[in-house]
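**Q** Encoded as structure tokens, here's the structure I'll be asking about.
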Amino acid sequence: MLRTENITYSIGRKKILKGITAEFESGKLHMILGPNGSGKSTFLKIFSGELKGYTGKVTYQQQDIKELNIEALAKRRSVMSQQTELGFPLTVEEVVMMGRYPHFVFNPTKKDVEICRQVIDLLSLSSFTSRNYLTLSGGEKQRVQFARVLAQIWVQNNNETRFLFLDEPLNSLDINYQQEFLQVLRKFGKDDVTMIAVIHDINLATQYADNLLFFKEGSLVKQGAPKEIISSGLLSDVFQVQSTIIDNPVTKQPLVIFSSQ
Amino acid sequence: MFRNNKYFLPVLIALLVIVLLCAIGFGAVPITLTDIISAVQHYISGQPAANIHEAVFWELRLPRVLLCAITGAILAVSGVLMQGLFRNPIVEPGLVGTSAGAAFGASIVFVMGTGIGVAFKSATGPFLVPVFAFAGGMLATYAVYALAKNAKRVSTLSLLLIGIAINAIGLSGTGFMSYLARDPQARSITFWSLGTFSGASWSQVFIVGSIAAIIFAIALSYAKQLNALLLGEEEATYLGVDPKRLQQKILVINTAMVSVATAFVGVISFMGLIVPHILRLLIGSDNKKLLPASMISGAMLLTLADMMARLLLAPAEIPIGIITSLVGAPIFIILLKKFNSIQQGGNSA
């Protein structure tokens, strides 16, 4: 389980986050939604241990992350950023293997190689393992980066909980791969994995997430299971949009239809 | 292309040995394989060199070829390190001020050596030149790095432009030192700006060689971290690498080896650009493979260039920097155009 207690963060005088307290249970897929600039990505960077200088406390299984050094963090949590700038020729296989870097010293072990193979198979990347990463399309790059972050926490070490954080992971994926991506995520979500994703598509979120968190102007407005919290009042408050909510006949989850007015 | 070819490195090593033998062999006094063997036998049995060929081999040719090979390896490895550090394939020690700063530092000792030597003698002794070169190289590199870095990113354009400015300061400093020098033995501005291996000696081989050996080992141990840094600073952090600390360490070891080599042979440009560029086309960017391959290829190419420098206008000698720049500058232009098209979102190949 991941907990944040009263996280506050400012840049200059501007308060980006205003006291966020939240709990993320293990084994569940949590999705954070909110308008641009509402502090979602900053929040993710804080609980993933990248951004310092906040007040409040982040704990992984009751342990303050300030007590974990970056090597220890890298062994149990992986992060997929919005964009990765890689300007050098590396093969798909080499990029995926980077996910195993925290686990070996100089040369990958048999286990690392095996894990990479499994992840590559799972994401149907086998046909282009030796392709140059720079020649891939945006969506293909995205899938390779996803493979890399999955490889990083593919197996559990010392019975520690694992954490997977994704910042707008669906951005350059087509509809087919968006679905595949989220299904892989659901399959990967075991009891000892806490998954948190920042996402924009509310209907994908209601379809796949166990728990939703709505951010607005640096505050956590509401959280809970999609069925329990989605309402047109909430969406109008958070996003300033008009909407109608119906039951999705297939998934039985709420389906949001936005109206122009 | 040869990415997973296990013969790639052995073939490179074999080529290097051939090039070294050729470089030893060709010259005003030719040296054959039999000369080399008998020279080594005489050395082992404690006898003096039997003839002029053996003497030339020990005193001139071998130290020169070795110093050249080691320097080539240093410059190529430095190119790989700096390109990884700045995440930019068009950076090398000659462009970001390291070499010019080191040359300035070293030239100060050559011109005002006696005065400084008295003050520091006990502490530094024969290491006076390398120490000053390191100070100059460090100062210049750090200045370029600090000035080019605005907010979070190091922009290529400002890096190159500030590099030009700092290089100009370093070069005018060395120029001024050469001008001040009354001693006809003092090194000329040509020496500093274009480099030469004509003054190679065994003590230089030992100093540069031992530093290179230590630093290559350290650099190789950081190969994995350098790879992670290619993904960006944030990504590297998520993979357990502290980018700030890695950058500081790499900057120091890289400057140390380049400065020491520059102190003895002058500024040799573009080696750090040519070698990694060719190798990336052949074996990709994995630093675990790229670093050793650069070491060997750098040694080989600079030895070849020095051979050309000695032989093209024999008995006169061309400064080696003329040859490396002639080959390197076009490659630099190609890289620059390619890099710009990537940055503008064009498709890269």
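**Q** Take the residues in region A:41-67 that are open to solvent by less than 10 Å² (accessible area, probe 1.4 Å) and touching a residue at least 60 places away in the same chain (Cβ under 8 Å); name whichever of them is farthest from the chain's Cα centre (by Cα).
**A** Checked region A:41-67; the qualifying residue farthest from the chain's Cα centre (by Cα) is A:Tyr60.
**Q** Which residues, taken from region A:77-121, are open to solvent by 70 Å² or more (accessible area, probe 1.4 Å) and among the aliphatic types (A, V, I, L, M)?
**A** A:Val105, A:Val113
**Q** What are the residues in region B:216-232 that are more than 10 Å from chain A (Cβ to nearest Cβ) and either closer than 19 Å to B:Ile74 by Cα or in a loop (DSSP other than H, G, I, E, B) (or both), if any?
**A** B:Phe216, B:Ala217, B:Ile218, B:Ala219, B:Tyr222, B:Leu226
**Q** Within the set of pairs 6+ apart or on separate chains, which have a first residue in region B:88-104 that is within 14 Å of chain A (Cβ to nearest Cβ), a second that is buried (at least 24 other Cβ atoms within 10 Å of the Cβ) and hydrophobic (A, V, I, L, M, F, W, C), and C-beta atoms under 6 Å apart?
**A** B:Val91/B:Met82
**Q** Return a yes/no flag: does region A:182-198 have any residue that is of a type in the set (Phe, Trp, Tyr), crowded, with 20+ Cβ neighbours inside 10 Å and outside any strand (DSSP E or B).
**A** No, because not a single residue in region A:182-198 is of a type in the set (Phe, Trp, Tyr), crowded, with 20+ Cβ neighbours inside 10 Å and outside any strand (DSSP E or B).
**Q** Right, here's the next one. Which members of region A:9-40 meet the condition of being open to solvent by less than 10 Å² (accessible area, probe 1.4 Å) and of a type in the set (Phe, Trp, Tyr)?
**A** A:Phe24
Yes/no per residue for (1) among the polar types (S, T, N, Q); (2) open to solvent by 30 Å² or more (accessible area, probe 1.4 Å); (3) within 14 Å of another protein chain (Cβ to nearest Cβ); (4) touching a strand residue (DSSP E or B) at 6+ places or on another chain (Cβ under 9 Å):
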site	(1), (2), (3), (4)
B:Gln204	yes, no, no, no
B:Ile250	no, no, no, no
B:Ala261	no, no, no, no
B:Met271	no, no, no, no
B:Leu282	no, yes, yes, no
B:Ser285	yes, no, yes, no
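**Q** Out of all the residues in region B:11-36, which are in a loop (DSSP other than H, G, I, E, B) and of a type in the set (Val, Ile, Thr)?
**A** Those that are in a loop (DSSP other than H, G, I, E, B) and of a type in the set (Val, Ile, Thr): B:Val29, B:Ile31, B:Thr32.
**Q** Now for a different question. Among the residues of region B:64-83, count how many are within 14 Å of another protein chain (Cβ to nearest Cβ) and more than 17 Å from B:Ala256 (Cβ to Cβ).
**A** Adding up the residues that qualify gives 1.
**Q** Looking only at region A:135-145, which residues are outside any loop (DSSP other than H, G, I, E, B), within 13 Å of another protein chain (Cβ to nearest Cβ) and open to solvent by less than 20 Å² (accessible area, probe 1.4 Å)?
**A** Selection gives A:Val144, A:Gln145.
The values are calculated or read from the model by the stated rules, or taken from the named source; none is laboratory data. Note that the coordinates shown come from a computational prediction; the quantities given were computed from them, not determined experimentally. Backbone-built Cβ (ideal geometry, glycine too); neighbour counts: all protein chains shown. Calculation scope for accessible area: heavy atoms of the full protein, side chains included, ligands and nucleic acids excluded. Shrake-Rupley method; radii C 1.70, N 1.55, O 1.52, S 1.80 Å.
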